[in-house]
Every structure is written in C-alpha cells, then in structure tokens.
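Accompanying notes for the structure given below.
The values are calculated or read from the model by the stated rules, or taken from the named source; none is laboratory data. The structure presented is a predicted model; accordingly, all values stated were derived computationally and were not measured. Every residue, glycine as well, gets a Cβ built from its backbone with ideal geometry; the counts of neighbours run over all protein chains shown.
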C-alpha cells in the first residue's frame, strides 16, 4: 500500500498508529506501460467532472482523466456533484448510480488500452445491484469480468472469468486481497444526503480504501449526497 493510501486509512480509522514497513512500499507508484494511449479516451471538454483534490488544475474539465490516472496522484476521488446526472436510482431495495458506473468503465477501459493488465485492476461497490450494473457496462465494452454476485443478480450476457478479467466485488469480498489499481463506487448521492448503513460502517469503508497497492480512485457526491 503506497504512503498516500495508508495515510488516508491511518487518519480515518487507525488513529495514526499504522507504520509503513519499507520505503519501497511507501514510494510505490502506478506503472502505466503506454501512457500515450490514454489520449484516445480523453473526454470532450463538455464533461464537467472534477476531482476532490487540492490540485489547482483538477477543476479543469479537460484534464480530469489524465489527472485521475496520473501515477503522481495515488488517491483521487471524483466529485460527481458538478454534473447534471449525479443522483442515485432506487428500485425497491436496489440502489444504483449510472454515472458512477459510466465513469469507472471509462477509467478501466483507459487503463486497459494503456497496457495495464486486467488482472491488476479491481472494482469495489458497496451495493450488489451496482456491481451488476458495473459488470453489464464493462461486458458491453467487451471486457471480461469476475464478480461475486450470483448469476440471478448479475446482468445477462458475457461469461466473464479467466486470469485476465477485471474483478468486481463488494468490500467484504475483497477483504485480505489487493490490486495495483482499485476503483470504488460509493453509489449514494441524493438530495436528502442519506448515505445508508453500508457507508456508515467505517470498517467496511476502510477495507475498500486499503485494497490498492498503487492507485485508489473513487466516485461519489461530496456536497449533495454520497
């Protein structure tokens, strides 16, 4: 776990008691084999996504993709409050966030095109219905997936599996495992600012925050909801 990710978790849950084992672990950064390939996935300037980051350039909507995936930014959370489609969708007990699914799919495909192996990317969502949506989005883009959601819950289409598949799991299922890159979908974003029991569980959130070895990226609403 790189130092920036450990600092986040250390402050959030451990009261500053965590210590990094070696300098190699502390200084670990993401290696993107072919960073030039990211240009083909760069969004149009009309996409008003910003990152919840002190970087003064992060509010420039034309560079959010490069800033989010940059190896020099080990921890990035995308603020979806600046877009027009930020709210969650609830259908009974199923809660999903289409915008977050689209963002994570875009980021994942960008890294794959830049040469990062699929086996080094993991996606975490706190809601199983969101995992099904993410699986559907990735498979529609021709990406193999491995997921812990049952067949009856998962979206139809695509067999998934294989050593070179993106892994999608809940935080609980990722316990004790890690990946070079982890993308986290927080899902909750609503006008009532209700985050739900899953995001109130600090231990569960801490698991999600500590699965990345080099890069942690998250999506959520930071003002209006999630």
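Could you go through the range 126-144 and let me know if any residue there is at pLDDT below 90 and buried (at least 18 other Cβ atoms within 10 Å of the Cβ). So that I can check it myself, show each step before the final result.
Applying the first criterion (at pLDDT below 90) to the range 126-144 yields 141-144.
After this cut, where a residue has to be buried (at least 18 other Cβ atoms within 10 Å of the Cβ) as well, the list is 143.
Yes, that holds for at least one residue.
Output the residue which, of all residues in the range 172-188 that are part of a loop (DSSP other than H, G, I, E, B) and touching a helix residue (DSSP H, G or I) at 6+ places or on another chain (Cβ under 7 Å), is surrounded by the fewest Cβ atoms within 10 Å (Cβ to Cβ). Give the derivation first.
Initially, the range 172-188 is screened for residues part of a loop (DSSP other than H, G, I, E, B), giving 175-178, 186-188.
Filter once more, so that each one left must be touching a helix residue (DSSP H, G or I) at 6+ places or on another chain (Cβ under 7 Å): 175, 186-188.
On the way: 175: 14, 186: 28, 187: 28, 188: 23.
If we take residues in the range 172-188 being part of a loop (DSSP other than H, G, I, E, B) and touching a helix residue (DSSP H, G or I) at 6+ places or on another chain (Cβ under 7 Å), then 175 is surrounded by the fewest Cβ atoms within 10 Å (Cβ to Cβ).
Taking residue 72 as meeting all but one of (1) modelled with pLDDT of 95 or more; (2) not in a helix (DSSP H, G or I), write down the number of the exception.
So residue 72 meets the others, but not (1).
Hey, among the residues in the range 189-202 that are part of a loop (DSSP other than H, G, I, E, B) and modelled with pLDDT under 90, which one's surrounded by the fewest Cβ atoms within 10 Å (Cβ to Cβ)?
Step one: of the range 189-202, the residues part of a loop (DSSP other than H, G, I, E, B) are 189-195, 201.
Okay, now just the ones that are also modelled with pLDDT under 90, so 189-195.
On the way: 189: 25, 190: 19, 191: 10, 192: 7, 193: 12, 194: 12, 195: 18.
Looking at the filtered set, the residue picked out is 192.
Picking from 131, 111, 116, 138, which residue would you name as being assigned to a helix (DSSP H, G or I) and touching a residue at least 40 places away in the same chain (Cβ under 8 Å)?
Details: 131 fails: touching a residue at least 40 places away in the same chain (Cβ under 8 Å); 116 fails: assigned to a helix (DSSP H, G or I); 138 fails: touching a residue at least 40 places away in the same chain (Cβ under 8 Å).
Checking each option against the conditions leaves just 111.
Which residues, taken from the range 17-34, are within 18 Å of residue 75 (Cα to Cα) and either touching a residue at least 24 places away in the same chain (Cβ under 8 Å) or touching a helix residue (DSSP H, G or I) at 6+ places or on another chain (Cβ under 7 Å) (or both)?
18, 20, 25, 26, 27, 28, 29, 30, 31, 32
Could you tell me which numbered condition residue 206 fails, if it satisfies all but one of (1) under 26 Å from residue 72 (Cα atoms); (2) surrounded by 18 or more Cβ atoms within 10 Å (Cβ to Cβ); (3) at pLDDT 90 or above?
(2)
Name the single residue that is surrounded by the most Cβ atoms within 10 Å (Cβ to Cβ) among those in the range 87-108 being touching a strand residue (DSSP E or B) at 6+ places or on another chain (Cβ under 9 Å) and in a loop (DSSP other than H, G, I, E, B).
Here the answer is 97.
In the range 13-34, what count of residues is obtained for those that are at pLDDT 90 or above and assigned to a helix (DSSP H, G or I)?
0
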